[in-house]
Number of protein chains: 2
Amino acid sequence: MSSPGDILDLISRGDAGTRAELARVTGMARSTVAQRVDTLIAYGLVEEHETGASTGGRPPRVLRLATERNCVVGVDLGATHCRVALMDIGGRLLADREDPLRITEGPEPVLRHIDDRMHELLAQAGRPLAAVKAIGIGVPGPVEFATGRPVNPPIMPGWHEYPIPDYFTSRYDLEVLVDNDVNALALGEVRHGSTAADNLLFVKIGTGIGCGIIAGGRLHRGAQGAAGDIGHIRVPGADSAACRCGNTGCLEAVAGGAALAARLTQAGVPAADGRAVVDLVSSGDPMAVRLVREAGRDIGDVLAGLVNFFNPEAIVVGGVMAAAHEHLLAGVREVIYQRSLPLATHRLTVAPTEAGEAGGALGAGRLAIDHVLAPDNIDRALAAHAAGAAPAAR
Amino acid sequence: MSSPGDILDLISRGDAGTRAELARVTGMARSTVAQRVDTLIAYGLVEEHETGASTGGRPPRVLRLATERNCVVGVDLGATHCRVALMDIGGRLLADREDPLRITEGPEPVLRHIDDRMHELLAQAGRPLAAVKAIGIGVPGPVEFATGRPVNPPIMPGWHEYPIPDYFTSRYDLEVLVDNDVNALALGEVRHGSTAADNLLFVKIGTGIGCGIIAGGRLHRGAQGAAGDIGHIRVPGADSAACRCGNTGCLEAVAGGAALAARLTQAGVPAADGRAVVDLVSSGDPMAVRLVREAGRDIGDVLAGLVNFFNPEAIVVGGVMAAAHEHLLAGVREVIYQRSLPLATHRLTVAPTEAGEAGGALGAGRLAIDHVLAPDNIDRALAAHAAGAAPAAR
DNA sequence: CTTACTTAGTTCGATTTTCGTCAAAAGCGG
DNA sequence: CCGCTTTTGACGAAAATCGAACTAAGTAAG
């Protein structure tokens, strides 16, 4: 028994593109499938496109997601930037834009900025506001996902407990998902990129270090939504490094972008931040290269433990520092393959992210898409639609 | 729309115990619920028991799992022991028995032993063989769960790729689930014990150290079924300890039962194995106490990292060494609360397991029960039953 | 160009499933 | 004993689903 939501799921995943195929895959009668499809078309989620290639008989009519009328907005909020992306529910990027923006300015100005950019992008892409079904936002700090409230975020003063979704839901008829930025990145990697993995770690190495976790095909957020905070795991042999968290020997204090910049500066090679370090590496500065490779080994040390514990099939590295991935990954791989168990590393891939600059925003958009297209939510929406339409028709 | 399987799920979880309650919970018509229940009763999975207490009107008839006719067998295989437990599908222990048995003897003798014990326990409990719907087996090594084949298990020579389920499925009409022993323990803790947690780590500290992972309410096995192998994570400041895995500084080489026994012996207090260490601790030997507490700190060091990464709501400690849990847990807690982030430790509980000696077998049994009662499997079984019965009746 | 064949989609009556109401059952309280 | 409440079973009504027949739209062979 497949509900309309399940049908839509098959269409959106590309598992079935025509009525006949849907009938074969679900095992339901063709007439029933046709009726389900009609419902979805009437509701505006599915469209009939061109007729496909014949396989010896009447050519099928291809079904597609109604990408013209259904979009989402993905937002990547960083400490000093804000990227907003407009995507259709097929996952295609329609338009995006990045601006410098200090998250420390507080919720209202930042959310107003997002709001403005959303309208700009909609105008640019020629889509109406009503086409936006959901907004996904990735923020650089812990969030209670269910309510969309940041929880004591270290680098987001003024955001603690702020109900981010309310800003938009009080103005527009759409849904808002707020999550940690690394979770968005991880989701984007498995659902948008080509890395098909049910168990994946997305390691973001920027100023700090964080990790998005896909466990059994689903995002793992942990009990308090604090999962993935690997920046403060202790690195063997680095007890002298003091971390902003108050402890010593944290991974972030050893291999984070800020830490590398500081160490490089101290060694006589001035570097303002992580990006500066990356630039030095690109230009072949031997000291910077050595430091980054060493950082890779430190990160690898922590990841080796996590590989034993979690047994992922892929580790994807992103973030500012990942731009220097040849040297960084060399160090990471070196230690992982040395320290992790053969069974766990046997088929493990360690690779840089394929998503570019817009990765975070695309991942956040994917979060929104997954929510909009979730079979349960579709069925609920259709039921509400039918209940609202039927009495009005009488 | 709740299928018969879902109905059974509600009954087995205790969420609804009468037809009226089921109707309220599922939102389906009472007549529909009654029909579903009839199906389950006819199939022999549910029984009507005594009438419950009236709440002012006709007293309801209480529905229960048909525990008389449906049992499972849970098996805990250790390096040197084999515990077999007979449970009903309600999770109640009917009979169990433990024998010394070297797993190195190889698959056939060991499985024959299990087979014999199963029949003994059945006779003892007065249940027919046909009542056994599934067997769950926890083994001390990595297993490909889907096929029930061990994968290069270090302490199980001769078991590599051996198809354990076949031994039983070729003889009897039942299903066999084989998993790592720590996974069984973890499952037993959340489903059998009182620790209700969607994200839990069960840390087994015996000769070696392993960890069962519950992520989002489900067992996390990882890509190769190798997840939870925390015994070979590197402990900061222990690089001198050589491990049997070939590396140095592994947790197991520092805090495992075998390592502790060796260190204690070296210090002039002879101890044969982990259990001997525990005995010494119980008798108040100061050296042993100090060592165990130190081991707790080392384990805590690794767990602190995993708490940051995984953000569980509970850590449960079991295994031989956990018998000395006052001192062990003191060390574990000490380091975790010092090194993990406040948000992650805020509501974290660290406690010894409540399951006793039979924990492993009970957990393995729970694995079998969960499989038997899984809504999808129930619906499949009912469909097959109906398809087989209907044509015969004509 | 026609004809046979194949596959896709639609229509509509038959069947099955589910619902909702009604009545009977079974206890409580006065 | 009688009204009240709650549970359960029964049965006709309503809805969902199926399946077969039919139409549509192509390919391939002669």
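The values are calculated or read from the model by the stated rules, or taken from the named source; none is laboratory data. Since this is a predicted model, take the numbers as computed values, not measurements. Cβ sites come from the backbone with ideal geometry, for glycine too, and all protein chains shown count toward neighbours. Accessible surface areas use protein heavy atoms only, side chains included; no ligands, DNA or RNA. Shrake-Rupley method; radii C 1.70, N 1.55, O 1.52, S 1.80 Å.
Provide the per residue accessible area, probe 1.4 Å, for the stretch B:109-176, rounded to a whole number of square angstrom.
On the way: 2990 Å² over 68 residues.
Using a 1.4 Å probe on heavy atoms only, each residue of the stretch B:109-176 averages 44 Å².
Report the calculated FRET efficiency for B:HIS160 and B:ALA130 (r = Cβ-Cβ distance, R0 = 22 Å), to the nearest 0.05. Each step should come with its number before you reach the end.
Values: r = 33 Å, r/R0 = 1.50.
Between B:HIS160 and B:ALA130 the formula returns 0.10.
Interface of A with B. Using a 1.4 Å probe and counting protein heavy atoms only, the two chains hide about 3600 Å² of accessible surface, both sides summed. Look at the Cα gyration tensor of chain A: its axes a ≥ b ≥ c give a/c of at least 1.5 with a/b over b/c, and that counts as prolate. The accessible-area loss of the stretch B:336-354 on complex formation, taken against its chain alone with a 1.4 Å probe, reaches 20 Å² or more at B:GLN338, B:ARG339, B:LEU341, B:LEU343, B:ARG347. Comparing the full protein assembly with the isolated chain, the residues of the stretch A:276-309 losing at least 40 square angstrom of accessible surface (1.4 Å probe) are A:ASN308, A:PHE309. The mean accessible area for residues of the stretch A:203-253, using a 1.4 Å probe and ignoring ligands and nucleic acids, is 32 Å² per residue. Placing a label point 7 Å from Cα along the Cα-to-Cβ axis, B:ARG290 is separated from the same position in the other copies by 4.1 nm, shortest listed first.
Measuring between their Cα centroids, the stretch A:232-306 and the stretch B:118-144 lie 54 Å from each other. Across identical copies of the chain, B:MET1 has label-point separations of 0.5 nm, listed in ascending order, with the point defined 7 angstrom from Cα along Cα→Cβ.
Copy-to-copy label distances for B:ARG275, where each label lies 7 Å from Cα along Cα-to-Cβ, are 6.3 nm in order of increasing length. Note on A:SER3 and B:ARG92: the model spin-label points, each 7 Å out from Cα along the C-beta direction, lie 3.6 nm apart. Percent of Cα pairs in the stretch B:60-217 per distance bin of 5 Å, from zero to the largest separation: 2, 9, 17, 21, 21, 16, 10, 3, 1, 1, 0, 0. For the stretch A:182-221, accessible area lost to neighbouring protein chains reaches 50 Å² or more, against the chain alone with a 1.4 Å probe, at A:ARG218, A:HIS220.
Look at the Cα gyration tensor of the protein assembly as shown: its axes a ≥ b ≥ c give a/c of at least 1.5 with a/b at or below b/c, and that counts as oblate.
Give the accessible surface of the stretch A:4-66 per residue, rounded to a whole number of Å², with probe radius 1.4 Å and ligands, DNA and RNA excluded. Intermediate values should be presented prior to the final figure.
Working: 3370 Å² over 63 residues.
Value returned for the stretch A:4-66: 54 Å² of accessible area per residue.
Quick one, could you list the DSSP H helices from chain B stretching 30 Å or more along their long axis (Cα atoms) with average Kyte-Doolittle hydropathy of 1.6 or above?
What comes out of the filter, once short or polar helices are dropped, is none.
Rounded to the nearest percent, how much of the accessible area of the protein assembly as shown (1.4 Å probe, protein heavy atoms only) is carbon and sulfur?
Values: 16310 of 32710 Å².
Carbon with sulfur: 50 percent of the solvent-accessible area.
Full extension of the chain segment joining A:ALA387 with A:ASP15 gains 130.9 nm, where the gain is 0.36 nm per residue of separation less the Cα-Cα distance. Per the Debye formula on identical point scatterers at the alpha carbon atoms of the stretch A:4-66, with no solvent, log10 I(q)/I(0) at q = 0.15, 0.23, 0.28 Å⁻¹ is -0.39, -0.93, -1.33.
For B:ALA351 and B:ASP99 in one chain, what is 0.36 nm times their gap in residues minus the Cα-Cα distance, to one decimal in nm? Spell out each step's value before the answer.
On the way: separation 252, 0.36 × 252 = 90.72 nm, distance 2.82 nm.
Stretched out fully, the B:ALA351 to B:ASP99 stretch lengthens by 87.9 nm.
For the residues of B:233-244, the average number of beta carbons from a partner chain within 10 Å of their own beta carbon is 3.
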